[in-house]
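The values are calculated or read from the model by the stated rules, or taken from the named source; none is laboratory data. Note that the structure is a prediction, hence the values are computed from the model and not measured. Cβ: placed from backbone, ideal geometry, glycine included. Neighbour counts: every protein chain shown.
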Amino acid sequence: MLIRYPFKFETYGAVRIYDVTRTVSLYGIDFEKRHGAFGLTSENLTRIAESTAIVVPVKDEDPLVLEGVLRAVPLHSPLIVVSNSSTKPLDVYSNEVDIAKNIHQLSGRSVIVLHQKDPLIAELLKSEVPDLIDESEGLVRDGKGEGLLIGTLAAEGINSKYVGYVDSDIYIPGAVLEYSLIYYTALAMSRSPYKMVRISWGFKGWYGEEFLLRRWGRVSAVVSSVLNNALSKGRKFETDIIKTSNSGEHAMSIELAKILGFASKYAIETYELVHLLETCYIGLREGLCSALPNTIDILQVESRNPHLHVQKGELHILEMLAESLGVIYHSRLADQYIKNSILRILREFSYEEEPPKPKTYEYPKINARKFLDEILSRSDVSIAHGF
């Protein structure tokens, strides 16, 4: 793959946000550094892929869709599935375990399958991240953010240098392959140990009265606009630099993950940006930024494959919107003007309440290898193949 060098960036304290760049060629191995574009040699591509664990969170997804996603992840990358799927009355989770087992048997690839409600995971994390545990059932809370935190710990536990996230509801396997190649290539572009790559979908499929490839997702367009407005007001320079406030497909260095805050449910992608801006921009002089003297590089890359995923209805859209805007509303980035604008937007969607304050978690300071070894040696629920 070749990716055009980003020609524009803006700095907010130690946070350097690059404007959206694009893929020049989907297949560009051994065409590195050509005419303003960046690519990798086959040797470097393999090396970075082997160092990048791909985490796939899943909850009761159609097995055919999930299988397409898992088979699209390049074989060199360790694969980590974090499932919150039901085990009764229908055991959906057993289907996911069997799919992972079949992929391993056919290809020899390494696969870890962790269940979010594994009692052993809750036992190992409750002392370090007590808020992660639901007091009523004594297990890890429901939510995508919670699953990604577990998956990131597993990635650190197998000594991965990077971790990438891919949603499990993507209909086009080729898009998953492209996202993975973008991760490998863009992560290699930055020299900072603290770096993140966020996918900006070129087009997103929309199923209405007729099929339409839309330029922007409904939630991300709104949330990115609000976040840009907050930055504009604080700095007194208008900006539109953020295009990926709700980028489910993104990757980062493990070093960045370990200083990053994680948020519950669908707030996680927006919270990543807000947390970095709160600590390494607004809180820079307060000594809150652990990345110094380095910068934190955030690269945004537009994909070529259209993104088609499962349509989950208007209630899902409203839930994502409220949780994402709640991240900004309850942050240090928002003055009263921004808060009022968020309330106005939510009222337009018939949401009359104040947006929820996200539950947030610090990355646990535990021995990740020991954490994973404990799970894989003692758990009756979570499994691994090839490790």
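Of all residues in the range 284-298, those satisfying the criterion of being free of Cβ contacts under 8 Å to residues at least 40 places away in the same chain and outside any loop (DSSP other than H, G, I, E, B) are Arg285, Glu286.
Condition check for Asn305 on (1) surrounded by fewer than 20 Cβ atoms within 10 Å (Cβ to Cβ); (2) not in a loop (DSSP other than H, G, I, E, B): one failure, at (2).
Here is a yes/no grid of residues against (1) among the β-branched types (Val, Ile, Thr); (2) crowded, with 24+ Cβ neighbours inside 10 Å; (3) at pLDDT 95 or above:
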position: Lys258; (1), (2), (3): no, no, yes
position: Glu272; (1), (2), (3): no, yes, yes
position: His275; (1), (2), (3): no, no, yes
position: Ala291; (1), (2), (3): no, no, yes
position: Thr295; (1), (2), (3): yes, no, yes
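Here Arg191 does not fit the description of being in contact with a strand residue (DSSP E or B) (Cβ under 9 Å, 6 or more places away or on another chain), of a type in the set (Lys, Arg) and crowded, with 24+ Cβ neighbours inside 10 Å.
Applying the set (1) part of a helix (DSSP H, G or I); (2) more than 25 Å from Asp131 (Cα to Cα) to Ala322 leaves exactly one unmet item: (2).
Summed over the range 90-135, the residues that are β-branched (Val, Ile, Thr), in contact with a Pro (Cβ under 8 Å, 6 or more places away or on another chain) and within 22 Å of Lys258 (Cα to Cα) give a count of 2. Checking each residue in the range 50-59 for being surrounded by fewer than 22 Cβ atoms within 10 Å (Cβ to Cβ) and small (Gly, Ala, Ser) picks out only Ser51. If the condition is being surrounded by fewer than 15 Cβ atoms within 10 Å (Cβ to Cβ) and either assigned to a helix (DSSP H, G or I) or in contact with a Cys (Cβ under 9 Å, 6 or more places away or on another chain) (or both), then the range 308-319 contributes Glu314, Leu315, His316. For the range 325-344, a residue qualifies if it is outside any loop (DSSP other than H, G, I, E, B) and either farther than 22 Å from Ala230 by Cβ or of a type in the set (S, T, N, Q) (or both), and the qualifying residues are Gln336, Asn340, Ser341. Taking the numbered list (1) surrounded by 16 or more Cβ atoms within 10 Å (Cβ to Cβ); (2) under 30 Å from Ile328 (Cα atoms); (3) of a type in the set (A, V, I, L, M, F, W, C) in turn, Phe349 passes all entries but (1). The residue that is surrounded by the fewest Cβ atoms within 10 Å (Cβ to Cβ), among those in the range 91-103 that are in a helix (DSSP H, G or I) and not hydrophobic (A, V, I, L, M, F, W, C), is Ser94.
Where in the range 104-214 are there strands (runs of 3 or more DSSP E), lying wholly inside it, with at least 3 residues that are at pLDDT 95 or above and under 17 Å from Leu70 (Cα atoms)?
In the range 104-214, the matching strands (runs of 3 or more DSSP E) lie at 111-115, 162-165.
Taking every residue in the range 4-20 that is farther than 13 Å from Asn294 by Cα and pairing it with any residue that is part of a loop (DSSP other than H, G, I, E, B) and of a type in the set (A, V, I, L, M, F, W, C), at least 6 positions away or on another chain, the pairs with Cβ-Cβ distances below 7 Å are Glu10/Ile241; Ile17/Ile241; Ile17/Ile242; Asp19/Ile241. Residue count for the range 7-33 satisfying the condition of being surrounded by 14 or more Cβ atoms within 10 Å (Cβ to Cβ) and in a strand (DSSP E or B): 12. Residue-level check: of (1) of a type outside the set (Asp, Glu); (2) assigned to a loop (DSSP other than H, G, I, E, B); (3) in contact with a Lys or Arg (Cβ under 7 Å, 6 or more places away or on another chain), Ile268 misses just (2). Within the range 363-387, no residue that is over 16 Å from Ala53 (Cα atoms) sits with its Cβ atom under 6 Å from a residue that is basic (Lys, Arg) and part of a helix (DSSP H, G or I) at 6+ positions apart or across chains. Quick one: would you say Asp30 is free of Cβ contacts under 8 Å to residues at least 24 places away in the same chain, out of contact with any Asp or Glu (no Cβ under 7 Å at 6 or more places or on another chain) and of a type outside the set (A, V, I, L, M)? So Asp30 passes the test. The set of residues in the range 248-265 being part of a loop (DSSP other than H, G, I, E, B) and either of a type in the set (Lys, Arg) or without any contact (Cβ under 8 Å) to a residue 40 or more places away in the chain (or both) consists of Lys258 alone.
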